[in-house]
Amino acid sequence: MPAKAEAGARGIWFPSCRRSARRHRKASACPGTGSASFSQSSKFVELPSLPKKSEAARVLSPGDSFGELQLFPLDDVVMGGASASTFDNDSRRWTGEVTALNSGGFVGIRCKSIGPLDLSATTGVVLKVRPDGTERRFKFVLRDSTDFNGICWTASFTVGSPSLTSLVASVVGSDISESVRIPYDTLVPTIFAKTVPDVSLDLANVVGVQIALSTFEYDGGLNPLFSEGTFELDVLDVATY
């Protein structure tokens, strides 16, 4: 398995609010302990229900779409950071601002658990996105468990190369989308940005999708294209090939 793919987005945890004196001068409150943190994390909490018969997986063939995934932000406010993003499920636009303030440095979007998908007959995922014209490196994550802090099967991808964007825009106009192929055999298992050994992806039970923009890769590595500031990404489709 290639060693250069990225780690999955960090799971939820709630540390005490700590910062250096320098950062304390920039931020007067700990945003991760307030309403933003609760609002985001609560999107993924489902009330317990009576046991029910396991749902049969929907079998996808090459070229099939995952469907119109309902995505919700999950940013570093959940661990005390100050980054923030929103996702419009109608326009499919993800926007926000990412900052390393308060030891943060990531924004993400994640769907609630989806009825299981069986991807066994396919080779990988095609992610269709429309970047904002700045070259950025994102993470794409598949999940094969409903455990909130379970394994993130993760690969990195780069979109928005200025030279490519400029060339295509001159030919087809400014409304540019890019398609990124992510083979399953490049996905790296991680938990809390650390690689997990001796596990395998259950392609017959894919239950979640996630995308992140993060300063973190995994095992202490950093994203070489990360920069603080505002961003936009339209997530148009997730399909198989």
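The values are calculated or read from the model by the stated rules, or taken from the named source; none is laboratory data. Computed from a predicted structure; not experimentally measured. Counting neighbours? That spans all protein chains shown, and the Cβs are built from the backbone with ideal geometry, glycine included.
General observations
- Of the residues in the range 44-66, at least one is surrounded by 18 or more Cβ atoms within 10 Å (Cβ to Cβ), within 18 Å of the chain's Cα centre (by Cα) and modelled with pLDDT of 95 or more.
- Filtered by the rule that a residue be aliphatic (A, V, I, L, M), over 26 Å from A57 (Cα atoms) and outside any strand (DSSP E or B), the range 91-126 gives A100, L101.
- In the range 177-220, the qualifying residues are those that are in a strand (DSSP E or B) and of a type in the set (S, T, Y), and the one that is surrounded by the most Cβ atoms within 10 Å (Cβ to Cβ) is S214.
- Any hit, the range 162-176, residues being loosely packed, with under 14 Cβ neighbours inside 10 Å, modelled with pLDDT of 95 or more and among the hydrophobic types (A, V, I, L, M, F, W, C): no
- Any chance G115 is surrounded by fewer than 14 Cβ atoms within 10 Å (Cβ to Cβ), more than 22 Å from L203 (Cβ to Cβ), modelled with pLDDT of 55 or more and out of contact with any Ser or Thr (no Cβ under 8 Å at 6 or more places or on another chain): no
- Members of the range 147-162 found to be within 20 Å of V129 (Cα to Cα), touching a Gly at 6+ places or on another chain (Cβ under 8 Å) and of a type in the set (A, V, I, L, M, F, W, C), listed by number: W153
- Some residue of the range 62-75 being in contact (Cβ under 8 Å) with a residue 60 or more places away in the chain, of a type in the set (G, A, S) and more than 20 Å from L236 (Cβ to Cβ): no
- So S91, is it touching a residue at least 12 places away in the same chain (Cβ under 8 Å), under 16 Å from R143 (Cα atoms) and surrounded by fewer than 20 Cβ atoms within 10 Å (Cβ to Cβ): no
- Within the range 123-134, residues that are among the small types (G, A, S) sit with their Cβ atoms under 8 Å from residues that are assigned to a strand (DSSP E or B), at 6+ positions apart or across chains, in these pairs: G124/R181; G124/I182; G124/P183; G124/T240.
- Residue in the range 223-234 that is touching a residue at least 60 places away in the same chain (Cβ under 8 Å), assigned to a strand (DSSP E or B), surrounded by 21 or more Cβ atoms within 10 Å (Cβ to Cβ) and not acidic (D, E) present: yes
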